[in-house]
Amino acid sequence: MNLRLLRKKVDLIDAHMLKLLNSRAKVVSRIGKVKKRLKASIYVPDREKDVYKNIANKNKGPLSNQSLRAIFREIMSSALNLERELKIAYFGPEFTFTHIASMKKFGSSVSYASCGAISDVFSDVQKGRADYGVVPIENSIEGAVNHTLDMFIDSDLKICSEIYLEISHSLLSMESARDRIKRIYSNPMVFGQCRIWLESNLPRAELIEVSSTSKAAEIAAGLKGSACIASGLAAKKYGLKTLSSSIEDSSNNVTRFLVIGKTHARPTKEDKTSIMFSVKDSSGALHDMLVPFKKYGINLTKIESRPSRVRPWEYYFFVDLEGHCLDSKVQKALIELKKVASYMKILGSYPVEENESSE
């Protein structure tokens, strides 16, 4: 077959796909009406996981599962917008990594609202100014984001989904060569992720901390002799040159983000539950808190502690565990934990998200 005939064949396939996409959209609109009548959530993380899983199981190539996931992310994004206009609040200005993570989860068809502080994201969702929020929770190199942990102490919002984003940093500038750089702007956590590279390549440059990578890019775009460490999207927005790419010290630099809302996700058999609790000030108290999980064979994937803001030398513990809070073994363990803890709260149960570096 010649090129003209092959392209004609592609056009016919495109027309068929268009018809199918619009048929899907009509069904989605009907689903939206049912959800409205039932006062159900528009975004359903467990259903999202099912869609991705079904696609991966049925895929025979040549498109990769990762490529199909990106395609269906946008299909589902447009579907969400058909059901009802959805607003997502996220921490930081445009084109920060939290913004990129938000788009990775919800696609380009929903609306986004940037927030100047993590507390503002929680507030916007709690007060109904946004349907969901996206906040960073931990980085594989720098560890936990303590401000996010602290917000859960007083908030009634639930974790309903998670996002893993592989982080790659670039040195951006209006200058054309690294030897002209005297000052570098970025977020403190980003400097920590690029510490060895900076010491080896720009040891004399002054490192200036700012609130976000996007703010750093904005500053670097207007000052001679300046550079920033930010994302490729920030380079495009502010017209900066990429002097060096992938300058992070570890190739396994991944940040985990949380989607917060007002509802739990339903069980999918591949779930994670996040809880927080405080312990009584006595010898072996923390050990007693962990006994129920060992008793019922529940794996703990993360544990962090934060000081209480009420009483000195008392701590809250944040734990991620495998399973859904409706699973019988998890339920039994949490009931026993509640009996011995001075305080316990379930922060959310949600589908386990694949780390994108392993997709």
May I ask you to list the lysines whose Cα is less than 28 Å away from that of Lys224, ignoring any residue fewer than eight positions away on the same chain?
Lys182, Lys215, Lys236, Lys237, Lys241
Which cross-chain or sequence-distant (5 or more) residues have an amide H under 5 Å from the amide H of Gly323, H modelled 1.01 Å from N in plane?
Asp271, Lys272, Thr273
Short version: ³J(HN,Hα) in whole Hz for each residue of the range 55-69, in order, from phi by Karplus 6.51 cos²θ - 1.76 cosθ + 1.60 (θ = phi - 60°), x for Gly and Pro, what are they?
5, 4, 5, 8, 6, 10, x, x, 5, 6, 4, 5, 5, 5, 4
Report, for the chain, the % of DSSP beta bridges that are antiparallel, rounded to 5.
75
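What size of dipole, in debye to the nearest 20, comes out for the range 170-252 about its Cα centre when the only charges are +1 on Lys and Arg C-beta atoms and -1 on Asp and Glu C-beta atoms?
Numbers: 11 positive and 8 negative charges, 62 e Å.
Approximately 300 debye in magnitude.
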So what are the ³J(HN,Hα) numbers for the range 270-280, from phi and the Karplus equation (6.51, -1.76, 1.60; θ = phi - 60°), rounded to whole Hz, Gly and Pro as x?
9, 10, 9, 10, 10, 9, 9, 8, 10, 10, 6
Which residues' amide hydrogens lie under 5 Å from the amide hydrogen of Thr263, considering only partners 5 or more residues apart or on another chain, with H built in the peptide plane?
Lys158
Name the long-range amide H neighbours of Ala113: under 5 Å, sequence gap of 5 or more, or other chain; modelled H, no Pro or chain starts.
Ile88, Ala89, Tyr90
Which residue, Leu86, Leu68, Leu258, has the most motion in a Gaussian network model of the chain that connects Cα atoms within less than 10 Å?
Leu68
Do me a favour and compute the ellipsoid semi-axes for the range 267-358 from its Cα gyration tensor, root of five times each eigenvalue, largest one first, whole Å.
24, 16, 11
Lysines whose Cα lies under 28 Å from that of Lys338, excluding same-chain neighbours fewer than 8 positions away
Lys158, Lys262, Lys269, Lys272, Lys280, Lys294, Lys295, Lys302, Lys329
Convex hull volume of the Cα atoms in the range 170-252, per residue, in Å³?
76
Return the label of the correct value of log10 I(q)/I(0) by the Debye sum over Cα atoms at q = 0.08, 0.13 Å⁻¹, as calculated from the structure shown, out of (i) -0.52, -1.02; (ii) -0.40, -0.96; (iii) -0.49, -1.13.
(iii)
The simple spin-label model distance between Asp154 and Leu207, using points 7 Å out along Cα→Cβ, in nm, is 3.2
Please compute the net charge surrounding Gly232, taking Lys and Arg as +1 and Asp and Glu as -1 over other residues with Cβ under 15 Å from its Cβ.
+1
Just subtract the alpha-carbon distance of Glu85 and Asp179 from 0.36 nm times their residue separation and send over the number in nm, one decimal.
29.0 nm
For Lys345, the aspartates and glutamates lying under 18 Å Cα to Cα, once residues fewer than eight places off in the same chain are dropped, come out as Asp150, Asp154, Asp156, Asp271, Asp288, Glu304, Glu314, Asp320, Glu322, Asp327, Glu336
Using DSSP to define loop residues, name the trypsin sites (Lys or Arg not before Pro) in the range 60-127 whose beta-carbon has at most 16 other beta-carbon atoms within 10 Å.
Lys60, Arg84, Lys127
Counting only DSSP beta bridges with both partners in the range 170-252, the antiparallel fraction in percent, to the nearest 5, comes to 55
For the range 27-47 and the range 226-281, distance of Cα centres in Å:
28
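Place a +1 charge on the Cβ of each Lys and Arg in the chain and a -1 charge on the Cβ of each Asp and Glu, then give the dipole magnitude about the Cα centre in debye, rounded to the nearest 20.
Numbers: 55 positive and 41 negative charges, 343 e Å.
So the magnitude is around 1640 debye.
Every number here is computed from the coordinates shown, using simple stated rules; none is lab data. Keep in mind the model is a prediction, meaning the values are calculated, not measured. Ideal geometry is used to build each Cβ from the backbone, glycine not excepted, and the neighbour counts take in all protein chains shown.
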